[in-house]
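Okay, so here's the structure we're looking at.
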């Protein structure tokens, strides 16, 4: 089992290393907007690799690269959560409970709850 607190601390350690590197290079530290932009770029790279895995694009070493992009995305989410003071563990539990209630409502004949819009699943 993965300990979220350990992942958060490791992600923050890497964030601090990036901050130090940026200072040495005369650049400013990233904030939430830059981390969000990085996440979007990583998701785009991940989508391209999944397309390659499904035969729609050419790429080498696809599985290793997919792993890398997933890790980059997770790192960005962990850093963004800390940057925005979001308790991911509590939020994840609440979010999954909400989804489970919607899903079980569907299974119990509440078809209207099943429809929802796409934003309910993001």
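The values are calculated or read from the model by the stated rules, or taken from the named source; none is laboratory data. Because the structure is a prediction, the values reported are computed rather than measured. Quick reminder, even Gly has a Cβ in these numbers, built from the backbone with ideal geometry, and neighbours come from all protein chains shown.
State yes or no: is residue 65 at negative phi, outside the structural domain of residue 91 (by TED's automatic domain parsing), without any contact (Cβ under 8 Å) to a residue 24 or more places away in the chain and loosely packed, with under 14 Cβ neighbours inside 10 Å? For residue 65, the condition - at negative phi, outside the structural domain of residue 91 (by TED's automatic domain parsing), without any contact (Cβ under 8 Å) to a residue 24 or more places away in the chain and loosely packed, with under 14 Cβ neighbours inside 10 Å - is not met.
Only residues that are touching a helix residue (DSSP H, G or I) at 6+ places or on another chain (Cβ under 9 Å) and not in a helix (DSSP H, G or I) were counted across the stretch 1-35, and they come to 5.
Every residue, every condition in (1) within 25 Å of residue 9 (Cβ to Cβ); (2) in a helix (DSSP H, G or I); (3) in contact with a helix residue (DSSP H, G or I) (Cβ under 7 Å, 6 or more places away or on another chain), yes or no:
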{"residue": "45", "(1), (2), (3)": "no, yes, yes"}
{"residue": "57", "(1), (2), (3)": "no, no, yes"}
{"residue": "71", "(1), (2), (3)": "yes, yes, no"}
{"residue": "76", "(1), (2), (3)": "yes, yes, yes"}
{"residue": "79", "(1), (2), (3)": "yes, yes, yes"}
{"residue": "82", "(1), (2), (3)": "yes, yes, yes"}
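Among the candidates 105, 38, the residue that is at pLDDT 95 or above, farther than 21 Å from residue 6 by Cα and touching a helix residue (DSSP H, G or I) at 6+ places or on another chain (Cβ under 8 Å) is uniquely 38.
Would you please name the residue that is farthest from the chain's Cα centre (by Cα), looking only at residues in the stretch 25-39 that are without any contact (Cβ under 8 Å) to a residue 40 or more places away in the chain and surrounded by 12 or more Cβ atoms within 10 Å (Cβ to Cβ)? Among residues in the stretch 25-39 that are without any contact (Cβ under 8 Å) to a residue 40 or more places away in the chain and surrounded by 12 or more Cβ atoms within 10 Å (Cβ to Cβ), the one farthest from the chain's Cα centre (by Cα) is 29. If you scan the stretch 3-24, which residues turn out to be within 19 Å of residue 92 (Cα to Cα) and surrounded by fewer than 12 Cβ atoms within 10 Å (Cβ to Cβ)? Correct list: 3, 5, 6.
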